[in-house]
Amino acid sequence: METENKNVQANRFPWSQVIGFLLSIVLTFAAVWVGKITDLSYSQIAIIVFAIAFIQAAVQLFMFMHVTEGEQGKWQLGKMFSAAFFAIVIVAGSVWVMNSMH
Amino acid sequence: MVEFIKDNLILNDPMIVGANISILLTVIVLVFVLTYFKKWKWLWTEWITTVDHKRIGIMYIISALLMLFRGGVDALLMRAQLTVPNASFLSSQHYNEIFTTHGTIMILFMAMPFLLGLMNVVVPLQIGARDVAFPYLNNLSFWSFFFGAILFNISFVFGGSPDAGWTNYAPLAIEGSPGPGINYYLLGLQVSGIGTLLTGINFIVTIIKMRAPGMTLLRMPMFSWTTLITSFIIVFAFPILTVTLAMMTFDRLFGTHFFTLTAGGNPMLWANFFWLWGHPEVYIVVLPAFGIFSEVIATFSRKTLFGHKSMIISLVVISGLSFLVWVHHFYTMGGSANVNNIFSITTMAIAIPTGIKIFNWLGTLYKARIQFTAAMMWALAFIPTFVIGGVTGVMLGMAAADFQYHNTYFLIAHFHYTLIAGVVFACFAGFVYWYPKMFGHKMNEPIGKWAFWFFTIGFNVCFLPQFLLGFAGMPRRVYTYLPEDGWTALNVVSTIGAVGMGIGFVIIVYNVYYSLRHSKMETTGDSWNGRTLEWATATAVPPHYNFPVTPVVKDVDAFWQMKQEGTANKKDIEYEPIHMPNNTGTPFVMSIFFFIAGFGLVFEIWWMAILGIAGSFGCMIFRSLRSHVYDKGYYVSVEEIKRLEQPFHKEA
Amino acid sequence: MENTNKLNTNVPLEYQTETGKLNILGFWIFLGAEVALFSTLYAAYFALKDGVMEGPLPIDVFDFNYTIIMTIVLLTSSFTSGLAIHEMRRNNIKAMVVWLIITLLFGAGFLYMEIAEFIHLVHSGATLGTNALWSSFYLLTGTHGVHVAIGIVWITLIIFQALKRGLTPDTAKKVFVSSLYWHFLDFVWIFVFTGVYLLGMVK
């Protein structure tokens, strides 16, 4: 039964939550470090901190929200992947198109 | 208050005053009829509060037909104005309002509800389910659509219609249009968009989770497949519209600077976001249409649909690509060559999976014993007509060429060829095909064919010349032209065609009345020797629980397979009580609050807007606190089931 | 639709009824729609932020350390709501309610900090109508904030229901769905923090 997975058994320490929490904090501060302490160019910083943001988002999806849980876990995961795809299309697409206007 | 009404009631235009009076009279007659026949309670319990997907679907379709009438009248008025040069039948202001409402109504308040209505009626039956996953939300979807449409529609008699085109570009729509008109557009669409998004979520969950045992996704009928894919597009596209409408609402009402001419606003950003939604939107309407044609063509060719798997793959590809082509709507707005080239490529690419579908339909027809019913004729006419729309779309999709075609009558002809031959033909085909499932009798075939010929010939006479008008240089959205332009002859022909379409529509409406009086009642659930499960009910109109026992599916074309095997319509089955959801009045009330909020925002009456929003939240809180009682539902007893499964019982 | 006779106790309470499974899947789909919604707001910010002449620049008026604290506060509330679900699955309704209340307190704290920040920004000349950058900033962060406020009301109502009726498949489903919503708000904030605040401080 897919719902009976590691995160769901009773009487266990909430590892998933704690690790997710700690990872999120680490990733947040890593991004802050890249943005404020290092001396990279704006676009380099942007790429790195967005990559870190996507990683943190994935961490939270899996460790906090248990996206693959339930009979429909694969659909849920697929939905979030397609959401990520469309988010990139909407944001990057709009910025690219609007910046190209003259 | 009196000042407010006096300022906004439009009394100087005879057509609008006439419309006002007829609306008033219609409402009075309706109220009188309902009171005289003591039908208020019936209306409330059987229709307003229903959660039965079949009834909700019928309400959607009735609304769509009313909107088709209004949008069609808009079209005839435009054609009348354009028949001869320098006509003064409509002023430019009036003409602008009419083409705006024509486009908005036809796409958002006619095509969408018609297709959503058919999806509602058919899909749960096709997958062997008893209802959709969220019946309460389904009721809310309908009423929020309905009140959004009402909000939009009262604009022309109170306050003035929007007049910036259905595309509502800034800065015309912001700095260029003070007053309530554009607000009606923004809020009407906003309210009615809520319902559509909820429907998208509803159908995804329904199709994923509630299919009959044995119905794998690959065995699911094509109309349900297109519903699933369309719902995915809705879920990702409609929120874009929500935000975009909100941003312009804020610009107009609260002084923000998203699309304004000053303080860093970017009017072109509106076009970008509008079409990020707008292009997927046209696939939201065309994919269910393709699904309807797949059903009709397969049934009346008496063959399984050719290339079932490639149909599904092409659906998925189209849905993904539909989000990657939006810039083709504004190649001429000033984007770089790189941008225009990339989007030309993606736009032309989307023709490929569409072409695959056309070949599959042709493959289904090949060597088939075709039955030329009215529904089938709509489907057969669709194929060549839509192809004309499609190939002219590829022409438009080439950015460099589009600099010649953009916003001429060539464009208008293209999208009418795809939208009418694609979507409207499908609505008519689906309407005729599933009519017995909705009302228990068929529409009259000969009359239906007359309607078909008038409409289809009229359509081609109306729009084929418009390609030529585009080449001759006639721009879009002009309220008149000069004799020396040389466009008169083609415009005259086009108007004649439009009249033909109007006659076709009138015949269809007449057919509804005629069939009610003269058609024989259907004696079984299988009106056309159908292939899919919606035809597998004991009675033509299914009982509210659809199937007494959930069918078990073994193959594509489940019902056809059951009939071959002899397992269809078994009579001596053990019935068990069936659990059904309760009716509900809360969504109706919530939608009225949406309307109040919308109306308040349209006229910047802040206390009204706050009241409406608070009321909507109040209904949600009420729902949250009472859902454990509501969700218990009720049970249909075994005796009731036995009674309803008899073909000639009296409907409860 | 509800089949209370056949509870499968290997499965968490919220998944045990048909309604529960449908609602949870439906909510994930809704979250997909919310991603599209926030993406559009986000895209507007990025498309508009560079074209402004008048008005203060973010780098001049943001208090970045303050924002880091806000971020940690919201993240913590997401963490504690996860702990609440954990306790719910151990059938510990009292502990669940305690963690939920802590969640709401942190959530309210985040909201308070955000409103205070808005007031500071307004005093510094960055208002809703100042220019396109600030309009899109306020609409993006404001929409997120309204979502948080709605979440607080929603979860409060659910705490009452859980206390009143105990942990049933129905109340468990509601707690779970509201916690998915709450987690999602932090998910969105990661991107707001990164793209608006952090990048706003660069250069």
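Please state, to two decimals, what the Cα-based radius of gyration of chain B comes to when divided by 2.2 N^0.38 Å (N = residues).
On the way: Rg = 24.6 Å, N = 652, 2.2 N^0.38 = 25.8 Å.
Here the answer is 0.95, to two decimals.
Residue B:79: accessible area at probe 1.4 Å, nearest 10 Å²?
20 Å²
Using θ = phi - 60° and the Karplus curve 6.51 cos²θ - 1.76 cosθ + 1.60, what whole-Hz ³J(HN,Hα) does each residue of the range B:609-626 get, with Gly and Pro shown as x?
In residue order, the calculated couplings are 4, 5, 4, x, 5, 4, x, 4, 4, x, 5, 5, 5, 4, 4, 4, 6, 9 Hz.
Order B:464, C:199, B:34 by their accessible area, 1.4 angstrom probe, all chains in place, largest first.
Descending order: B:464, B:34, C:199.
Can you give the FRET efficiency for residue B:565 and residue B:643, using 1/(1 + (r/R0)^6), R0 = 45 Å, r = Cβ-Cβ distance, to the nearest 0.05? Intermediate results must be reported in sequence, preceding the final value.
Values: r = 28 Å, r/R0 = 0.62.
Calculated value: 0.95.
With an 8 Å Cα cut-off and a minimum separation of 6 or more residues, compute the relative contact order for the range B:147-226 in percent.
Once normalised by length, the contact order is 34 percent.
With each pseudo-label sitting 7 Å past Cα toward Cβ, what's the residue C:72-residue B:19 distance in nm, one decimal?
6.1 nm
Angle check, please: helix B:14-36 long axis (alpha carbons) against the longest principal axis of chain B (alpha carbons), in degrees 0 to 90, nearest 10.
20 degrees
How much accessible area per residue does the protein assembly as shown have, counting only protein heavy atoms and a probe of 1.4 Å, in square angstrom?
Numbers: 36530 Å² over 957 residues.
Computed with neighbouring chains in place, this is 38 Å² per residue.
Tell me the accessible surface of residue B:348 in square angstrom (1.4 angstrom probe, heavy atoms of protein chains only), to the nearest ten.
About 70 Å², rounded to the nearest 10.
Kindly write out, for the range C:43-58 in residue order, the coupling ³J(HN,Hα) from the Karplus curve 6.51 cos²θ - 1.76 cosθ + 1.60 (θ = phi - 60°), rounded to whole Hz, with x marking Gly and Pro.
After applying 6.51 cos²θ - 1.76 cosθ + 1.60, I find 4, 4, 4, 5, 6, 9, 5, 9, x, 10, 9, 8, x, x, 8, x Hz.
If you average the alpha carbon positions of the range B:332-352 and of the range B:252-286, how far apart do those two centres end up, in angstrom?
19 Å
Say a paramagnetic label sat at a point 7 Å from the Cα of residue C:92, along Cα to Cβ; which residues of the range A:29-72 have their backbone N under 14 Å from it?
none
What is the extension gain from residue B:253 to residue B:620, computed as 0.36 nm multiplied by their sequence separation minus the C-alpha to C-alpha distance, in nm to one decimal?
Gain on extension, residue B:253 to residue B:620, equals 129.5 nm.
Compute, for chain B, the length of the dipole vector about the Cα centre, with Cβ point charges of +1 (Lys, Arg) and -1 (Asp, Glu) only. Units Debye, rounded to 20. Working shown, then result.
Details: 37 positive and 32 negative charges, 331 e Å.
With Lys and Arg at +1 and Asp and Glu at -1, about 1600 debye.
Between B and A, buried accessible area summed over both sides at probe 1.4 Å, in Å² to the nearest 100?
Summing both chains' loss of accessible area gives about 1900 Å².
Distance between Cα centroids, the range B:118-191 to the range B:542-599: provide it in whole Å.
First find each Cα centre; the distance between them is then 27 Å.
What number, in percent, do you get for the relative contact order of chain C if the mean sequence gap of Cα pairs under 8 Å and at least 6 apart is divided by its residue count?
On the way: 197 pairs, mean separation 68.2, N = 203.
Dividing the mean separation by the residue count of chain C yields 34 percent.
Using a 1.4 Å probe, how large is the accessible area of residue A:39, given in Å² and rounded to the nearest 10?
150 Å²
So who's got an amide H within less than 5 Å of the one on residue B:408, skipping anything under 5 residues away but keeping other chains? H placed 1.01 Å off N, in plane.
B:476
Find how much the distance from residue B:36 to residue B:517 grows on full extension, using 0.36 nm per residue of separation minus their present alpha carbon separation; answer in nm with one decimal.
Taking residue B:36 through residue B:517 to full extension adds about 170.9 nm, to one decimal.
May I ask for the percentage of alpha-carbon pairs in the range B:202-351 that lie more than 20 Å from each other? Present the calculation step by step, with values, prior to reporting the outcome.
On the way: 6629 of 11175 pairs.
Tail of P(r) above 20 Å: 59 percent of Cα pairs.
At a Förster radius of 22 Å, what calculated FRET efficiency corresponds to the Cβ-Cβ distance of residue C:150 and residue B:589, to the nearest 0.05?
Working from the Cβ atoms, E equals 0.65.
Through the Karplus equation 6.51 cos²θ - 1.76 cosθ + 1.60, θ set to phi - 60°, convert the phi angles of the range B:103-119 into ³J(HN,Hα) values in whole Hz; use x for Gly and Pro.
Couplings: x, 4, 5, 4, 7, 8, 10, 10, 5, 4, x, 4, 6, 4, x, 5, 4 Hz.
Which residue, B:364, C:113, C:67, has the largest displacement toward the positive end of the dipole of the protein assembly as shown when charges sit on each Cβ (Lys, Arg +1; Asp, Glu -1)?
After comparing all options, I get B:364.
In µm²/s, what is D for the protein assembly as shown at 20 °C and 1.002 mPa s, where D = kT/(6 pi eta Rh) by Stokes-Einstein and Rh is the Kirkwood radius from Cα pairs? Could you put the intermediate results ahead of the total?
Numbers: Rh = 29.4 Å.
Answer, rounded: 73 µm²/s.
Quick check on my link table: of B:41/B:449; B:303/B:554; B:303/B:520; B:357/B:520; B:309/C:173, which ones sit more than 29 Å apart, alpha carbon to alpha carbon?
B:41/B:449; B:357/B:520; B:309/C:173
With the dipole of the protein assembly as shown worked out from charges on the C-beta (+1 for Lys and Arg, -1 for Asp and Glu) around the Cα centre, which of B:152, B:16, B:580 lies farthest toward the positive end?
Value computed over the given set: B:580.
If you count, for every residue in A:44-52, the Cβ atoms of partner chains within 10 Å of its Cβ, what is the mean? Don't jump to the answer; show the numbers that get you there.
Details: counts 0, 4, 5, 0, 0, 6, 5, 1, 3.
So the per-residue partner count for this stretch is 3.
Determine the shielding of peptide B:203-212 by partner chains: average, over its residues, the number of Cβ atoms on other chains within 10 angstrom of each Cβ.
Partner-chain Cβ atoms within 10 Å, mean over residues of B:203-212: 4.
For residue A:33 and residue C:63, what is the calculated FRET efficiency with R₀ set at 22 Å and r taken between the beta-carbons, to the nearest 0.05?
It comes out at approximately 0.75.
Whose amide H sits under 5 Å from the amide H of residue B:257, counting only residues 5 or more places off or on another chain, with H placed in the peptide plane?
C:135
In whole percent, and with a 1.4 Å probe on the protein chains, what portion of the accessible area of the protein assembly as shown is carbon and sulfur?
Values: 25420 of 36530 Å².
The value for the protein assembly as shown is 70 percent carbon and sulfur by accessible area.
Tell me the total accessible area that C and A bury against each other, 1.4 angstrom probe, in square angstrom rounded to 100.
Interface between C and A: roughly 4400 Å².
Just grab the label-to-label distance for residue B:341 and residue B:457, each label 7 Å out from Cα along the Cβ direction, in nm (one decimal).
Distance between label points: 4.9 nm.
For the range B:299-423, what value does the Rg/Rh ratio take when both radii are computed over Cα atoms and Rh is the Kirkwood radius, given to two decimals?
With Rg and the Kirkwood Rh in hand, the quotient comes to 1.04.
Set Lys and Arg Cβ to +1 and Asp and Glu Cβ to -1, take the dipole of the protein assembly as shown about its Cα centre, and tell me which of B:418, B:289, B:247 lies farthest positive.
Value: B:289.
The values are calculated or read from the model by the stated rules, or taken from the named source; none is laboratory data. Computed from a predicted model, the values in this text were never measured in an experiment. Cβ sites come from the backbone with ideal geometry, for glycine too, and all protein chains shown count toward neighbours. Just the protein is used for accessible areas: all its heavy atoms, side chains included, with ligands, DNA and RNA removed. Shrake-Rupley method; radii C 1.70, N 1.55, O 1.52, S 1.80 Å.
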